[in-house]
Structures are given as structure tokens and as C-alpha cells.
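The values are calculated or read from the model by the stated rules, or taken from the named source; none is laboratory data. All values derive from a computational prediction rather than experimental measurement. As a convention, Cβ positions derive from the backbone with ideal geometry for all residues, glycine included, and neighbour counts pool all protein chains shown. Just the protein is used for accessible areas: all its heavy atoms, side chains included, with ligands, DNA and RNA removed. Shrake-Rupley method; radii C 1.70, N 1.55, O 1.52, S 1.80 Å.
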Amino acid sequence: MSSPKNEIEELERRGWAALSGPDGAAFYQDAMAEEGLMVFPGMVMDKATAIATIREVQPWARFAISEVRVAADDNAALVTYRARAQRAGQPEYEAVMSSVYVRRGGRWLLLLHQQSPGA
């Protein structure tokens, strides 16, 4: 069995891959805790709002994740990293991100995702 740290990094990368294709909303519908939140500059979205927004936005054409750090035990985890991504025909987006996961019923669920654009 892989370590919680490896599981969390892989889960975060799978989320980005999902957002780069047609199944981003389905991925987060399954992977996000019901009380989960996504925090972006100037807004906080609950799960329903986040899923609706993901359905509306254009998928990422490319992405790269670097400087990944994971702190985890058997039931809670925090991952931070730098992401660079771009949607077709749009400027590149760069942000420092963090996600908090909890393990419930034997699986990891996203409880909080936060983005700080720039730097």
C-alpha cells in the first residue's frame, strides 16, 4: 500500500488531469467532501457552486505542478505546490495552491482547496 503522502500527491495530480478534460466536474463531485470549500481570490465556493463552475469553464490545455510538499497522517493531509496552467487562447495562470484532505470511509476527500495567484 502506498503512503498517505504519495496518495495525496497522486490525487491532486488526478484532479488537474480531470480539469484538463471533460470529466472535471464528475471527478470533484466524487472526490470532494459534501461540506468542502474552494477558495479563490475574492470568493469562497461550496461544493455545489464549485461543481457548477467547473462545468462552465474551459478545460486546461496544459498544466504543470512543482514544489510539491505534503504533510499527512492516516486521516488528514495537506498538500501545497506551485501550479502553472493555461487554457486555449488565454494567458498562463500561475498560483501557489494548497489542499486539505480527510480520510472518511477508507478514502480521501477534498475538504478545502485554496489558490493564491502570482509569485
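Surface composition of the stretch 64-107: carbon and sulfur atoms hold 49% of the protein heavy-atom accessible area at a 1.4 Å probe. In terms of packing, defined here as the mean over residues of other Cβ atoms within 10 angstrom, the peptides 74-83, 11-20, 61-70 line up highest first as 11-20, 74-83, 61-70. Counting only DSSP beta bridges with both residues in the stretch 1-117, the antiparallel share comes to about 90 percent. Applying 1/(1 + (r/R0)^6) with r as the Cβ-Cβ distance of Ala48 and Ala17 and R0 = 30 angstrom yields a FRET efficiency of 0.85. Since only Tyr81, Ala52, Ala31 are under comparison, the one whose Cα sits farthest along the positive direction of the charge dipole of the chain, derived from C-beta charges on Lys, Arg, Asp and Glu, is Tyr81.
Estimate the FRET efficiency between Asp73 and Gln115 by the formula 1/(1 + (r/R0)^6), using the beta-carbon distance for r and 25 Å for R0, to the nearest 0.05. It comes to 0.55. For a paramagnetic label modelled at 7 Å from the Cα of Ser66 toward its Cβ, which residues of the stretch 90-107 fall within the zone defined by backbone nitrogen distances under 13 Å? Hits in the stretch 90-107 for Ser66 at 13 Å: 94-96. Averaged per residue, the chain has 55 square angstrom of accessible surface, using a 1.4 angstrom probe with ligands and nucleic acids left out. Net charge in the neighbourhood of Leu37 (other residues with Cβ under 12 Å of its Cβ; Lys, Arg +1, Asp, Glu -1) is -2. The calculated Kirkwood hydrodynamic radius for the chain is 14.5 Å, given to one decimal from all distinct C-alpha pairs. Taking the Cα centre of the chain as reference, the dipole from Cβ charges on Lys and Arg (+1) and Asp and Glu (-1) amounts to some 200 debye.
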